[in-house]
């Protein structure tokens with residue numbers, strides 16, 4: 001079962017444009033763009049994007065936007081100060097929504113977190129790390145980048161183990177993932193708020209029903225594994 | 001087309017033969033590189049050896065003035081050092097100009113236009129130029145340094161000093177000092193002329209005023225001597241004015257002396273401070289290009305700053321180039337090596353080029369135009385230079401590719417992709433974010449299977465990654481091989497395989513130490 005995600009991207013400038021378009025390319029998202037400048041509005045219109053205007057200084061104009069409780073809010077205004085102001089306003093208006101904001105420095109990232117943003121994407125920090133990865137680990141970095149820019153076919157998949165699965169009661173070390181051409185990388189710990197636990201720290205625990213394991217591999221191999229082991233693709237994927 | 005055949009004579013043929021000889025040309029180029037190119041990493045060692053010979057031989061000659069030295073030391077100081085200096089002298093003479101090239105040029109010109117070659121004139125001109133080397137100041141010093149060792153000349157002790165003068169050529173700091181002086185030639189000569197003029201005017205005035213009244217001033221020379229000693233503010237006091245006019249002249253001379261000394265000091269200080277920056281930058285550039293692999297980071301903006309906060313912990317083999325002096329000052333303040341220079345200029349990147357080093361240029365300025373220009377410039381210096389460029393938009397991707405960039409970083413795209421991943425594939429986002437941020441639990445690492453590695457010849461099952469709590473993703477053979485994801489368990493690891501693994505920092509360290517695995521980059 002796949003849920004459609006409602007996403008509102010604020011801003012359609014240098015950052016917002018590429019973010020909105022990336023989100024729109026995903027098939028299970030429903031995107032609306034909200035802008036506060038006429039120029040960006042025109043560009044969005046030309047790109048045939050579902051666009052609305054808002055006034056940063058008027059809470060009412062933000063409330064008029066069609067924002068539900070599950071809607072994810074992306075703050076991507078070009079101006080740092082405006083972006084912070086927007087995040088702060090949105091958090092005030094929408095207490096429980098998931099807010100993601102972009103930042104171009106660690107100082108701003110801290111401020112955004114203080115303003116109540118759930119996740120901060122630090123543009124230059126990520127890029128700088130990517131460069132280090134390219135220099136230090138060219139092969140691994142290419143592999144890693146492939147997940148982000150989809151230059152290879154390998155994907156991450158979360159698999160829920162259902163009742164009656166042949167995996168139930170087996171230790172992790174007893175499961176032959178290699179036979180399916182997939183790699184086991186971790187589990188979701190449901191007891192601790194769906195925390196992802198890397199296989200690199202996990203003990204050789206026994207798999208029980210309701211567990212969620214995370215594997216990497218080609219889509220078809222993962223599906224074969226999922227069917228054969230009596231699991232199901234995690235519901236929020 | 002009918003060609004007028006001019007059969008070259010023996011000497012011309014000889015020079016033409018040399019001009020076409022690959023071996024001879026290579027040898028001469030290598031020699032020139034080694035002796036004359038300050039950026040050559042071996043030249044410094046030759047200089048060190050020569051400095052050692054100079055200092056030790058001079059020390060022996062000085063010791064010899066009062067004491068007897070053993071024969072072998074004498075032999076070393078006289079014959080060995082002089083022999084080596086003579087070889088160096090001959091090499092410099094040989095490298096001074098290229099007769100063969102001039103003969104070849106004349107030959108080609110004459111064949112092209114079908115005239116008779118004026119070889120005699122060309123050869124005489126070139127030989128004359130070569131002989132003129134002997135009369136250059138450097139050659140004269142070199143020559144005197146060689147002959148100063150011979151007993152007959154050594155009697156004139158001053159000759160030993162010529163050997164010391166040779167240090168000027170090989171000790172770079174002395175060389176730099178002379179360069180500063182020559183840079184300020186105009187100011188210094190003006191000052192010198194002024195000094196001579198004032199000394200003469202002061203001396204003559206003093207002679208007229210006190211020539212027959214002061215017991216210490218017997219002739220004009222005494223007066224000039226007094227004038228000079230006073231104007232330079234040394235003031236020995238052996239001659240001092242005794243009359244009122246003489247004392248007034250002293251006032252004027254002393255004031256002029258102070259003015260001139262301050263002037264000379266300020267000229268030299270300003271020249272030195274200018275030169276010092278230049279020298280410092282030169283040293284940094286030389287130092288960095290001696291490494292086997294290093295980074296040239298172009299532009300010290302936000303992204304470079306964050307990059308270096310991480311990278312500086314891993315390696316110090318990098319240099320920052322930025323046109324903006326404020327940003328360079330900021331970089332230096334942050335503890336990095338930085339030079340204020342324009343990386344889009346050929347000469348700037350070329351001075352770092354060293355065919356034995358692996359150079360990576362990071363074009364990280366905020367402007368696409370600049371980054372593309374830098375990428376092209378780096379590739380113009382050498383195709384072997386790896387270029388990683390930052391682009392602002394995907395639309396420019398092809399332009400960067402055409403400019404020769406090997407990898408293109410799109411910060412906006414990366415951020416967008418990560419943002420999308422965080423919404424649509426949260427688990428993948430968390431995993432990749434943890435890996436990219438170097439979290440201890442999620443260290444993605446590469447393992448290079450070298451000849452001494454204990455895992456060579458073992459199958460993947462035998463290596464048993466799981467027992468080290470390491471996740472094995474896949475491998476490729478050699479840096480240009482194809483990546484194989486999750487190979488079968490019975491795959492046997494061979495030399496040059498590069499394995500991609502994920503593990504806790506400590507697990508990976510332990511795994512590497514147990515299996516004798518070193519870093520490979």
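Every number here is computed from the coordinates shown, using simple stated rules; none is lab data. These numbers come from a predicted model, not from an experiment. Note that we place each Cβ from the backbone using ideal geometry, even for glycine, and neighbour counts take in every protein chain shown.
Determine the equivalent ellipsoid of chain A by diagonalising the alpha-carbon gyration tensor, then write out the semi-axes as square roots of 5 times the eigenvalues, largest first, rounded to whole Å.
38, 20, 18
Bin width 10 Å, origin at 0, all Cα-Cα pairs of the stretch B:440-514: what percent of pairs per bin?
The distribution over the stretch B:440-514 is 20, 58, 21, given as percents.
Need one number: the % of Cα-Cα pairs in the stretch B:244-349 sitting beyond the 25 Å mark. Each step should come with its number before you reach the end.
Values: 2307 of 5565 pairs.
The share of Cα pairs beyond 25 Å in the stretch B:244-349 comes to 41 percent.
Just want the ordering: B:207, A:124, from fewest to most Cβ atoms lying within 10 Å of their own Cβ.
Numbers: B:207 20, A:124 23.
Result, fewest neighbours first: B:207, A:124.
Wrap a convex hull around the Cα atoms of the stretch B:291-413, take a quarter of its surface area, and give that in square nanometres. Write down the numbers at each step before the final one.
Numbers: hull surface 27.5 nm².
If I average the Cα hull's projected area over directions, I get 6.9 nm².
Expressed as a rounded percentage, what relative contact order does the stretch B:400-499 have, with Cα pairs under 8 Å and six or more residues apart?
Details: 94 pairs, mean separation 25.4, N = 100.
Averaging sequence separation for qualifying contacts and normalising by length gives 25 percent for the stretch B:400-499.
Remind me, relative contact order of chain B in percent, using alpha carbon pairs under 8 angstrom and six or more residues apart?
Rounded, it is 7 percent for chain B.
Which of rounded, prolate or oblate describes the stretch A:1-83 when judged by the alpha-carbon gyration tensor and an a/c cut-off of 1.5? Intermediate results must be reported in sequence, preceding the final value.
Working: a/c = 1.76, a/b = 1.28, b/c = 1.37.
Judged from the Cα gyration tensor, the stretch A:1-83 comes out oblate (a/c at least 1.5, b/c at or above a/b).
So what is the relative contact order for the stretch A:154-233, in percent, with contacts set as C-alpha pairs under 8 Å and at least six apart?
Reported as a whole number, the value is 50 percent.
Roughly how far apart, in whole Å, are the Cα centres of the stretch A:3-31 and the stretch B:291-354?
36
Do the sum for chain B: with -39,500 (n - 2.57) for every DSSP H run of n ≥ 4, divided by all residues, what is the mean residue ellipticity at 222 nm, to the nearest 500 deg cm²/dmol? It would help to have the intermediate numbers written out before the result.
Values: 24 runs with 306 residues, N = 521.
So the calculated ellipticity at 222 nm is -18500 deg cm²/dmol.
Jot down the per residue volume, in cubic angstrom and as a whole number, of the convex hull over the alpha-carbon atoms of the stretch B:185-275. Intermediate values should be presented prior to the final figure.
On the way: hull volume 7.1 nm³, N = 91.
Cα convex hull per residue, to the nearest whole number: 78 Å³.
Could you tell me what % of all Cα pairs in the protein assembly as shown have separations over 46 Å? Present the calculation step by step, with values, prior to reporting the outcome.
Details: 140198 of 286903 pairs.
Looking at the protein assembly as shown, the distances longer than 46 Å represent 49 percent of pairs.
Can you give the Kirkwood hydrodynamic radius for the stretch B:106-212, in Å, rounded to one decimal and based on Cα pairs? Could you put the intermediate results ahead of the total?
On the way: mean 1/r = 0.0522 Å⁻¹.
Radius from the Kirkwood sum: 19.2 Å.
First obtain the Kirkwood hydrodynamic radius of chain B from its Cα pairs, then insert it into the Stokes-Einstein equation at 20 °C and 1.002 mPa s, and state the resulting D in µm² per second as a whole number.
Working: Rh = 30.7 Å.
Calculated translational D: 70 µm²/s.
For B:147, B:122, what ranking results if the residue with the fewest other Cβ atoms within 10 Å of its Cβ goes first? All intermediate terms of the calculation are to be shown ahead of the outcome.
Details: B:147 16, B:122 21.
Lowest count first: B:147, B:122.
By counting other Cβ atoms within 10 Å of each Cβ, how are A:170, B:121, B:355 ranked from fewest to most? Could the numbers behind the result be given before it?
On the way: A:170 15, B:121 10, B:355 7.
Lowest to highest Cβ neighbour count: B:355, B:121, A:170.
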